[in-house]
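The values are calculated or read from the model by the stated rules, or taken from the named source; none is laboratory data. Being a predicted model, the structure only gives us computed values, none of them experimental. Note that we place each Cβ from the backbone using ideal geometry, even for glycine, and neighbour counts take in every protein chain shown. Heavy atoms of the whole protein, side chains included, go into the accessibility calculation; ligands, DNA and RNA do not. Shrake-Rupley method; radii C 1.70, N 1.55, O 1.52, S 1.80 Å.
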Amino acid sequence: MKAFEFRPKLVSTLKNYNRKSFTADLMAGIIVGIVALPLAIAFGIASGVTPEKGIITAIVAGLIVSLFGGSRVQIGGPTGAFIIIIYGIIQQYGIEGLTIATLMAGAFLVLFGLLRLGTIIKYIPYPIVVGFTSGIAVTIFTTQIKDLFGLTMTEVPSDFVEKWQAYFSCFNTIDAWSAVVGVVSVAIIALTPRFSKKIPGSLIAIIIMTVAALLLKNFAGVATIETIGDRFAISNELPDAQVPQITWETIKSLVSPALTIAVLGAIESLLSATVADGVVGDRHDSNTELVAQGLANLASPIFGGIPATGAIARTMTNINNGGRSPIAGIIHAAVLLLIFLFLMPLAQYIPMACLAGVLVVVSYGMCGWRSFVALMKNPKSDVTVLLITFFLTIIFDLTVAIEVGLIIACLLFMRRMSETTDVKVISDEIDPNDEADIQSGNLEHLTIPQGVEVYEINGPYFFGAGNRFEEIMAAFGDRPKVRIIRMRKVPFIDSTGLHNLTNLCIMSRNEGIEVVLSGVNEKVESVLRRAGFSELIGEQNICNHIDLALARAHEIVD
């Protein structure tokens, strides 16, 4: 295996960097920083932490991903996909548990990159990705109903079904002004792209609704619109770096959520980088990107942040505004830092209903309902994986959904693979015109002699094929003197297939039947020899061609 090479895109892009490139990156970085602000605040609050933790995550993770990442244009930070995971971890393990889980996830991501797993993660089945993404979107939407309509609720249940039951029972407590703020925010965000491609609708909605809420409060006596300041104490002080106390018991209890954070972060960041490649005509280094994402998740919690990954929406905003190097991502982090230091106190006036509107639009963008509907027309196995992952995500949690979804997808894949392997019996003659492993000079030996059975395996030889092989031989009934097993179309054999083949040879030998292997390719033959097949059936019984195998069978029968 080729050794891992850590190659941040920043190094290669700076070789031909000039003033024109910097100007483009500067403008893109400023715009992305402004776009990231409301999202960072909204994601932080929705995740169950304070608003400044969301911004700190965007600053720290955004800086590290741009400095060390394998993509030219990737923007890192908190994303909607992590909201449900973070909220669940905080509910069960507290803030300190979230910090440790994020550190562990960062370590896992670095390990994924060092082990060159970047390309493997891309092969996670598409129905699983769509299933849990849609499930997350529905869950995010569900969590925002209270703030969107200003419902009066003492406690919001964590369970999906119970949450909606509580909402319906409290719909008579809707605050009209909060509902107007929320609905108008959604409308502004949805309509803004028709008038402005540069300024994000979420920022416009926050500015307009914040001013409107202040005017209503000060001049109309409307005091029911809850703001961030009503729920949180806003601070613009940079936190000190702190490493939590980590015990072995804590690590064991947090392995599952940490792996979920790592896998989801890897999937989302590499998906974002792949989408960006198609737009800018570049090719990212997936393993370097994973290492950078790992470093970002190691640094973010130390400064009080939450899990981060590559953000598709902010990455596309960067590209659309001219960003073509990691410098834009670094500038985006610097812009957020300046906003945090000098403008953070103003965030206390932002209405919670407005942030809920921002997240409702985010959830709609995440749901991918078109992809969901399209997948429903696919084979039943894909639909099964899609629906199971989707419903497990919204009813239980993302950790269970990903684990069960992957297990089901793997089982269905193995079933499909076993179905592609065909085992057939050749009883009379072998057609020389249809055989690639026959030497043309020996065609007279193609008649199968009495007392010889020929079996052909067509496809990978693993447990499914092995079991089917045994079933076919049991159905054949007769006890021959020789069994020829043609393996010319077997591309590989796994340990289970090897075990079955070994048992077959031992059982045949105990019954006085000799086994001859024919047409074994180099890779499979290497595996067989390491397993001791030369001693088990004899070197002379491993033949390169079917004509040699038949000749050997003649010798044994005679």
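Tally up the residues in region 115-129 that are closer than 26 Å to residue 294 by Cβ and either surrounded by 15 or more Cβ atoms within 10 Å (Cβ to Cβ) or of a type in the set (Asp, Glu) (or both), please. Write out each step before concluding.
From region 115-129, those closer than 26 Å to residue 294 by Cβ are 115-126, 128-129; that's our starting set.
Filter once more, so that each one left must be either surrounded by 15 or more Cβ atoms within 10 Å (Cβ to Cβ) or of a type in the set (Asp, Glu) (or both): 116-118, 121, 124-126, 128-129.
Adding up the residues that qualify gives 9.
For region 226-260, which positions are closer than 27 Å to residue 289 by Cβ, buried (at least 17 other Cβ atoms within 10 Å of the Cβ) and not hydrophobic (A, V, I, L, M, F, W, C)?
Those that are closer than 27 Å to residue 289 by Cβ, buried (at least 17 other Cβ atoms within 10 Å of the Cβ) and not hydrophobic (A, V, I, L, M, F, W, C): 257, 260.
So, restricting to helices (runs of 4 or more DSSP H) that lie completely within region 124-215, which ones have at least 3 residues that are closer than 15 Å to residue 393 by Cβ? Give the steps one after another, and end with the answer.
Numbers: elements: 126-143, 145-149, 160-169, 176-191.
Result: 126-143, 160-169.
Within region 261-285, track down each residue that is among the polar types (S, T, N, Q) and surrounded by fewer than 24 Cβ atoms within 10 Å (Cβ to Cβ).
Just the residues of region 261-285 that are among the polar types (S, T, N, Q), to begin with: 269, 272, 274.
If the condition is that a residue be among the polar types (S, T, N, Q) and surrounded by fewer than 24 Cβ atoms within 10 Å (Cβ to Cβ), then 274 is the only one that fits.
Given the residues 333, 311, which is the only one that is of a type in the set (Gly, Ala, Ser) and either touching a strand residue (DSSP E or B) at 6+ places or on another chain (Cβ under 6 Å) or open to solvent by 30 Å² or more (accessible area, probe 1.4 Å) (or both)? Please lay out each step first, then the result.
Values: 333 fails: either touching a strand residue (DSSP E or B) at 6+ places or on another chain (Cβ under 6 Å) or open to solvent by 30 Å² or more (accessible area, probe 1.4 Å) (or both).
It is 311.
Being under 20 Å from the mean Cα position of the chain (by Cα) and under 14 Å from residue 289 (Cα atoms), is that true of even one residue in region 96-106?
Yes.
Could you tell me how many of the residues in region 298-308 are surrounded by 24 or more Cβ atoms within 10 Å (Cβ to Cβ) and part of a loop (DSSP other than H, G, I, E, B)? Steps first, please.
Residues of region 298-308 that are surrounded by 24 or more Cβ atoms within 10 Å (Cβ to Cβ), as a first pass: 300-301, 305-308.
From the residues that got through so far, the ones that are part of a loop (DSSP other than H, G, I, E, B) too are 300, 305-308.
Total meeting the criteria: 5.
Test of understanding: among 111, 63, which residue is of a type in the set (A, V, I, L, M), more than 21 Å from the chain's Cα centre (by Cα) and on the phi < 0 side of the Ramachandran plot? Before you say what the answer is, go through the steps one by one.
Values: 111 fails: more than 21 Å from the chain's Cα centre (by Cα).
Selected residue: 63, the only one of 111, 63 that is of a type in the set (A, V, I, L, M), more than 21 Å from the chain's Cα centre (by Cα) and on the phi < 0 side of the Ramachandran plot.
Those residues that are charged (D, E, K, R) and open to solvent by 50 Å² or more (accessible area, probe 1.4 Å), I need them from region 130-169; list them, please. Give the steps one after another, and end with the answer.
Residues of region 130-169 that are charged (D, E, K, R), as a first pass: 146-147, 155, 159, 162-163.
Hits for region 130-169 are 155, 159, 162.
Checking residue 19 against (1) farther than 18 Å from residue 311 by Cα; (2) in contact with a strand residue (DSSP E or B) (Cβ under 6 Å, 6 or more places away or on another chain): exactly one of these is not met. Which one?
Just one mismatch for residue 19, condition (2).
Taking the condition open to solvent by 50 Å² or more (accessible area, probe 1.4 Å), modelled with pLDDT of 70 or more and not acidic (Asp, Glu), does residue 458 pass? So that I can check it myself, show each step before the final result.
Working: open to solvent by 50 Å² or more (accessible area, probe 1.4 Å): yes; modelled with pLDDT of 70 or more: yes; not acidic (Asp, Glu): yes.
Against the criterion (open to solvent by 50 Å² or more (accessible area, probe 1.4 Å), modelled with pLDDT of 70 or more and not acidic (Asp, Glu)), residue 458 qualifies.
Okay, residues lined up against (1) part of a helix (DSSP H, G or I); (2) small (Gly, Ala, Ser); (3) modelled with pLDDT of 90 or more; (4) out of contact with any Cys (no Cβ under 9 Å at 6 or more places or on another chain):
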residue	(1), (2), (3), (4)
335	yes, no, yes, yes
340	yes, no, yes, yes
348	yes, no, yes, yes
359	yes, no, yes, yes
366	yes, no, no, yes
378	no, no, no, yes
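Considering region 216-239 alone, what residues qualify as being within 20 Å of residue 46 (Cβ to Cβ) and assigned to a helix (DSSP H, G or I)? Quick ask: steps written out before the conclusion?
Taking region 216-239 first, the residues within 20 Å of residue 46 (Cβ to Cβ) are 225-235.
Result: 228, 229, 230, 231.
Rundown of residues vs (1) closer than 30 Å to residue 222 by Cα; (2) hydroxyl-bearing (Ser, Thr, Tyr), yes/no style:
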{"site": "277", "(1), (2)": "no, no"}
{"site": "286", "(1), (2)": "no, yes"}
{"site": "291", "(1), (2)": "no, no"}
{"site": "301", "(1), (2)": "no, no"}
{"site": "322", "(1), (2)": "no, no"}
{"site": "331", "(1), (2)": "no, no"}
{"site": "354", "(1), (2)": "yes, no"}
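For region 369-389, give me each residue that is open to solvent by less than 60 Å² (accessible area, probe 1.4 Å) and touching a residue at least 60 places away in the same chain (Cβ under 8 Å).
Once the filter is applied, which keeps residues that are open to solvent by less than 60 Å² (accessible area, probe 1.4 Å) and touching a residue at least 60 places away in the same chain (Cβ under 8 Å), region 369-389 yields 371, 372, 375, 382, 383, 385, 386, 387, 388, 389.
Of the conditions (1) under 18 Å from residue 149 (Cα atoms); (2) open to solvent by 80 Å² or more (accessible area, probe 1.4 Å); (3) touching a helix residue (DSSP H, G or I) at 6+ places or on another chain (Cβ under 9 Å); (4) not polar (S, T, N, Q), residue 179 satisfies every one except a single condition; which number is it?
(2) is the only condition that residue 179 fails.
Between a first residue in region 52-78 that is closer than 11 Å to residue 307 by Cβ and of a type in the set (A, V, I, L, M) and a second residue that is open to solvent by less than 10 Å² (accessible area, probe 1.4 Å) and in a helix (DSSP H, G or I), which pairs have beta carbons less than 9 Å apart while being 6 or more apart in sequence or on different chains?
Cβ pairs passing all conditions: 61/293; 61/296; 61/297; 61/333.
Is at least one residue of region 285-307 of a type outside the set (Gly, Ala, Ser), over 21 Å from residue 78 (Cα atoms) and at pLDDT 90 or above? Don't jump to the end; show me each part of the working.
We begin by selecting, within region 285-307, every residue of a type outside the set (Gly, Ala, Ser); these are 285, 287-291, 293, 295, 297-298, 301-303, 306-307.
Those left that are additionally over 21 Å from residue 78 (Cα atoms): 285.
In the following step, the residues that additionally are at pLDDT 90 or above were identified as 285.
Yes: one or more hits.
I need a count of the residues in region 383-416 that are under 17 Å from the mean Cα position of the chain (by Cα) and at pLDDT below 85.
Qualifying residue count, region 383-416: 14.
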